[in-house]
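Visitor: Submitted below is the structure of interest, expressed as structure tokens.
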Amino acid sequence: MSEQVFLILTALADEPKHGYGIVQAVEKLSENRVRLRVGTLYGVLDRLVADGWAERDREEVHQGRLRRYYRLTDLGGRTLAEQSRRLAANAAAAESVLRARGWALGGGA
């Protein structure tokens, strides 16, 4: 699972969001490391819907434009939880190796 997919699923975990809301949430979650382009976002959302990880929630008109909201499905939530556990285990393994080698953790290169 790519970082973009992981962050989009995470953004949808708390409540349904429209495209711009997802973009904002991903930027906040990633501390501005990941910035989604609209074309990229909707391509990913189409795949998430096709895979059953997300679904369309509703549509609203806002300032004359249609906003389509998406929400995480139960399968998407289980998938995100599994991926979170996997990433945490991988990070713990890497930290253990780094500590054993005497490399400090915490942002310095």
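All of the numbers you see were taken from the coordinates with simple rules; none came from a lab. Given the structure is predicted, the values throughout are model-derived calculations rather than measurements. Virtual Cβ from ideal backbone geometry, glycine too; neighbours counted across all protein chains shown.
Visitor: Can you order the peptides 56-62, 76-82, 7-13 by their average number of other Cβ atoms within 10 Å per residue, highest first?
Guide: Details: 56-62: 11.0, 76-82: 15.9, 7-13: 22.3.
Packing proxy ranking, top to bottom: 7-13, 76-82, 56-62.
Visitor: Which of LEU98, LEU87, LEU45 moves the most in a Gaussian network model of the chain with Cα springs under 10 Å?
Guide: Result: LEU98 has the largest fluctuation of those listed.
Visitor: For ASP57, what residues show an amide H to amide H distance below 5 Å, using hydrogens built from the backbone and excluding near sequence neighbours?
Guide: TYR69, TYR70, ARG71
Visitor: In debye, nearest 20, what is the charge dipole magnitude of the chain about its Cα centre with +1 on Lys and Arg Cβ and -1 on Asp and Glu Cβ, if you could check?
Guide: Once rounded to the nearest 20, the dipole reads 260 debye.
Visitor: Can you give the Rg to Rh ratio for the chain, taking only C-alpha atoms and Rh from Kirkwood? Let's see the in-between values first.
Guide: Details: Rg = 16.7 Å, Rh = 15.4 Å.
Result: Rg/Rh = 1.09.
Visitor: Over the chain, with a Gaussian network built from C-alpha contacts below 10 Å, which listed residue (VAL38, VAL23, VAL49) shows the highest mean-square fluctuation?
Guide: Result: VAL38 has the largest fluctuation of those listed.
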